[in-house]
1. Has segment 74-92 got at least one residue that is β-branched (Val, Ile, Thr) and in contact (Cβ under 8 Å) with a residue 40 or more places away in the chain?
2. Are there any pairs with C-beta distances below 8 angstrom linking a residue in segment 170-181 that is at negative phi and in contact (Cβ under 8 Å) with a residue 12 or more places away in the chain to a residue that is within 15 Å of ligand 1 (Cβ to nearest atom) and among the hydroxyl-bearing types (Ser, Thr, Tyr), with the two at least 6 apart or on different chains, and if so which?
3. Can you tell me which residue within segment 267-286, out of those that are without any contact (Cβ under 8 Å) to a residue 12 or more places away in the chain and either surrounded by 15 or more Cβ atoms within 10 Å (Cβ to Cβ) or not polar (S, T, N, Q) (or both), is nearest to Leu198 (Cα to Cα)?
4. Does at least one position in segment 136-154 carry a residue that is closer than 30 Å to Arg206 by Cα, within 16 Å of ligand 1 (Cβ to nearest atom), open to solvent by 20 Å² or more (accessible area, probe 1.4 Å) and at pLDDT 95 or above?
5. Identify, please: which residue in segment 44-89 is within 16 Å of ligand 2 (Cβ to nearest atom) and either charged (D, E, K, R) or part of a loop (DSSP other than H, G, I, E, B) (or both) and is, among those, farthest from Asp125 (Cα to Cα)?
6. Under 7 Å between Cβ atoms, at least 6 apart or on separate chains: pull out the pairs that start in segment 124-142 with a residue that is more than 18 Å from Glu295 (Cβ to Cβ) and end on any residue that is open to solvent by 50 Å² or more (accessible area, probe 1.4 Å) and among the polar types (S, T, N, Q).
7. Of all residues in segment 58-107, count the ones that are over 17 Å from Arg132 (Cβ atoms), within 11 Å of ligand 1 (Cβ to nearest atom) and β-branched (Val, Ile, Thr).
Amino acid sequence: MSLQTDASPDLQAVPSAGSGFPSGSGPDSQGPEAYFEHLLAEDSRIEPRDWMPEAYRKTLVRQISQHAHSEIIGMQPEANWITRAPSLKRKSILMAKVQDEAGHGLYLYSAAETLGTPREKMTEDLIAGKARYSSIFNYPTLSWADMGAIGWLVDGAAICNQVPLCRASYGPYGRAMVRVCKEESFHQRQGFEILLELANGTEAQREMAQDAINRWYAPSLMMFGPPDDDSPNSKQSMAWNIKRFSNDELRSRFVGMIVEQVKALGLTLPDDQIRYNEDTKQWEHAPLDWAEFKEVLAGRGPCNAQRLARRREAHENGAWVREAAAAYAAKQSAAQARKTEVA
Ligand SMILES: [Fe+2]
Ligand SMILES: [Fe+2]
């Protein structure tokens, strides 16, 4: 059995930079709007310098900042177990993983900043409770096995979602995703390995692993977003080459992947309706509780308040670091200006 969830090369291939209009023409000769459409039609990248429709810019800022917030808030459920990891090896792996998530947040905030929205504004929106992030991180981590289930299922779902984003039409977003996906692959493997060890351990460890899978299965399927017929923005995002596959297509792909992998664990998925539909070529699963999804997304999940309070506190505690960094940067640029004057 392979845990390989990296995309095939064609999925990850990064389009070449836009070659521009056919010879003799360019953005100036036919107008920026036509040039934007041309770049999309040839599946090239839109870069920060290029003209783009306001709605495209807004959609990207919303999506990338939500993604960044998810990475940062997503550090909390796992950080909760760093001090209680069962061995030094597990502790160092978990610390590395949580730090990776911080890095993902940073690449993504930087990508969103290239669209003209400052990071301070995005952070303010998050801690004021105005911004959204993935609903999955509002569920509690009750046992060590949750570290395994999160790595395998949550990071696994993130990979399915994010590999196609390596080809997103907006250059800085797609490029950030390439590195993020490589690291997510490691996250997924370490989670699977935790579960494998528990599944081969004592009866109590086995039960703990099964219980974690039972609790994280449905929320991980909901990470792909609402069903296609209830996802009004998807169509436009696909037309803009931001999204490449629909929510249901990605969810089906994920179910097909984990239904095989769980066999290697000797455990089960809490869903007896999984089957491959030969006609639609999609994996089917039991209905999901979308009312619960909407509740959690609206801020009424089990840990929403706790996650935001923790984020707010961390932001306030980090004020001196931001001030020190700004003072240092100002000092450096003043010194540079003096040097230039002397020269
Ligand atoms: Fe991540
Ligand atoms: Fe991850």
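The values are calculated or read from the model by the stated rules, or taken from the named source; none is laboratory data. Being a predicted model, the structure only gives us computed values, none of them experimental. In this analysis, Cβ positions are derived from the backbone assuming ideal geometry, glycine residues included, and neighbour counts consider all displayed protein chains. Surface accessibility is based on the protein's heavy atoms, side chains included, excluding ligands, DNA and RNA. Shrake-Rupley method; radii C 1.70, N 1.55, O 1.52, S 1.80 Å.
1. Here is the first cut: in segment 74-92, the residues β-branched (Val, Ile, Thr) are 82-83.
Cutting the leftovers down to in contact (Cβ under 8 Å) with a residue 40 or more places away in the chain gives us none.
Looking through segment 74-92, none of the residues is β-branched (Val, Ile, Thr) and in contact (Cβ under 8 Å) with a residue 40 or more places away in the chain.
2. Pro172/Ser110; Ala176/Tyr107; Ala176/Ser110; Arg179/Tyr107; Val180/Tyr107
3. Top of the filtered list is Arg275.
4. Yes, segment 136-154 contains a residue that is closer than 30 Å to Arg206 by Cα, within 16 Å of ligand 1 (Cβ to nearest atom), open to solvent by 20 Å² or more (accessible area, probe 1.4 Å) and at pLDDT 95 or above.
5. Narrowing segment 44-89 to residues within 16 Å of ligand 2 (Cβ to nearest atom): 66-82.
Now restrict to residues that are either charged (D, E, K, R) or part of a loop (DSSP other than H, G, I, E, B) (or both): 71, 74, 78, 80-81.
Numbers: Glu71: 15, Gly74: 17, Glu78: 23, Asn80: 24, Trp81: 28 Å.
Checked segment 44-89; the qualifying residue farthest from Asp125 (Cα to Cα) is Trp81.
6. The qualifying pairs are Thr141/Asn80.
7. Result for segment 58-107: 1.
Matching residues to (1) closer than 24 Å to Leu153 by Cα; (2) modelled with pLDDT under 95:
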residue: Arg275; (1), (2): yes, no
residue: Ala298; (1), (2): yes, yes
residue: Glu313; (1), (2): no, no
residue: Ala325; (1), (2): no, no
residue: Ala329; (1), (2): no, no
residue: Lys339; (1), (2): no, yes
